[in-house]
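Scroll down for the structure; my scribbles are underneath it.
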Amino acid sequence: MRKWIFSKLVVGSLVLTGAFLGGAAAHEGHQMKCDETAMNAMHADIQAMDDGEAKTTATGEMKMAEEMMAKKDMKACATHMHNATEAIEK
Amino acid sequence: MHSAIEFKGGESMPDSGASRSATRWLIGTVAAVALLAAVVATALVYMGSFDVAADKPHSEPVFWLMNTVRDRSVAIRAAGIAVPGDFADAKRIASGAAQYDEMCSLCHLAPGMKRTETSRGLYPRAPELRRKSDLTPAQQFWVVKHGLKMTGMPAWGVTHDDKLLWDIVAFLRKLPELSSSEYQAIVRSSPKTHEEMMEDMNMDNRP
C-alpha cells in the first residue's frame, strides 16, 4: 500500500513538474525574441504609431536593437527590443 | 496647276508633315511604354514578387501610399453623411460600449487591456481606439459600416443596422477619456447585451 501511494506521489509530482515546465516553455515561446520575425513585428507596430515622443523612442530603440543584432550581441538586442516594446505599449 | 498647289502649300506642308510625324512618334512611344509597363507588371504579379505576408511590413513609401488611399477614400465617401446630435446620450454610449466590448476590443483593445495575439498579428495594425482618433464621427461611422479592404476590418453594416452602428460611434467619441475601471463600468451599464440587441434589431431599415 505504501509503495502504491509513493509511486502515485512520484508520478503526480512528475506530471505537475512536466506541466509547469511545459507551461513555462509555452509562455517563453510567446515572448518576443531578437530575430527577423520580431523585428518585422516591431516595425509594423512603429508604423502604426502616431508621431510623438513614444514613436521617436521606439524608433531609436529599434535602430539600436538592429545594430546589436548585426554585432551578434543578442542580449543587448533583446534589451533594446524590450525598451521599444515598452514605448509602443505606453 | 500642280505647281500652284505646291506653291500654295509650299510654306505649310513641311511643318505639317513634321508635326504629324512627331505626333505619330509620341503616340508610338507612349503605346510602347504602356505595353512594356503592362508586361512588366504582369510578370511581377505572376512571379509573386509582392510579398503579401502579414508579418513583413510595407516599405515606407508603400505604407504611405496605402494610408493615403484609405484616408482619402474614407474622407470622400463620408462627406455627405448626416451625424445624429445625441452622442452624449448615456444609453447610446452604454449600448455602444457593450457592442465595442463584444465586437471590437479583440483587435482595437480597450483601456487597461494588454495587446492580444490577434492585435499583434494583424497587418496593418488595428488602431488602438483608446488613443485619440483623427477621424470625424461621420468617417468613423463609414468605416464601421463598410469596413476596410485588406485590413481585417469587417463591414458591420452587413449584419447591424445604422442605429446600432451610431451607438458604437457615440461610444468611440467617449472612449479616449475612459480609465480601465470606467470602461468596465460603462460596459456593464449597457441596457442590453450584444446578443439581445442583435435579436431586437430591424434590418429592414438598412439603407
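Laboratory data are not the source of any read-out in this text; all were calculated from the coordinates shown. Since the structure is predicted, the reported quantities are computational estimates derived from the model, not experimental observations. Heads up, the Cβs are rebuilt from the backbone with ideal geometry, glycines too, and the neighbour counts pull from every protein chain shown.
Overview of results
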read-out	value
Long-range HN-HN contacts of B:LEU148 with modeled amide H, under 5 Å	B:MET153
Modelled FRET efficiency - R0 25 Å, B:LYS56 with A:ASP73, Cβ distances, 0.05 increments	0.55
For q = 0.10, 0.11, 0.17 Å⁻¹, Debye-computed log10 I/I(0) when each Cα of the range B:106-207 counts as one equal scatterer	-0.30, -0.36, -0.91
Set of lysines with alpha-carbon distance to B:LYS91 below 21 Å, sequence-local pairs under 8 removed	B:LYS145, B:LYS163, B:LYS174, B:LYS192
Between helix B:12-46 and chain B: long-axis angle, C-alpha atoms, 0 to 90°, nearest 10	40
Acute angle (nearest 10 degrees) that the helix B:60-78 long axis makes with the longest principal axis of chain B, alpha-carbon atoms	70
Bins of 10 Å, starting at 0 and running to the largest distance - Cα pair percent for chain B	7, 24, 24, 13, 9, 8, 6, 5, 3, 1, 0
Pairwise FRET efficiency - B:ASP200 versus B:TYR46, Cβ, R0 = 45 Å, nearest 0.05	0.35
Acute angle (nearest 10 degrees) that the helix B:162-174 long axis makes with the longest principal axis of chain B, alpha-carbon atoms	80
Theoretical gain in end-to-end length, B:GLU102 to B:SER19 [0.36 nm per residue, Cα-Cα removed]	23.1 nm
Structure-based [θ]222 nm, chain B - -39500 (n - 2.57) summed over DSSP H runs of at least 4, per residue, nearest 500	-18500 deg cm²/dmol
Where only alpha carbons of the range B:18-98 are counted, the Rg and the Dmax (Å)	24.1, 76
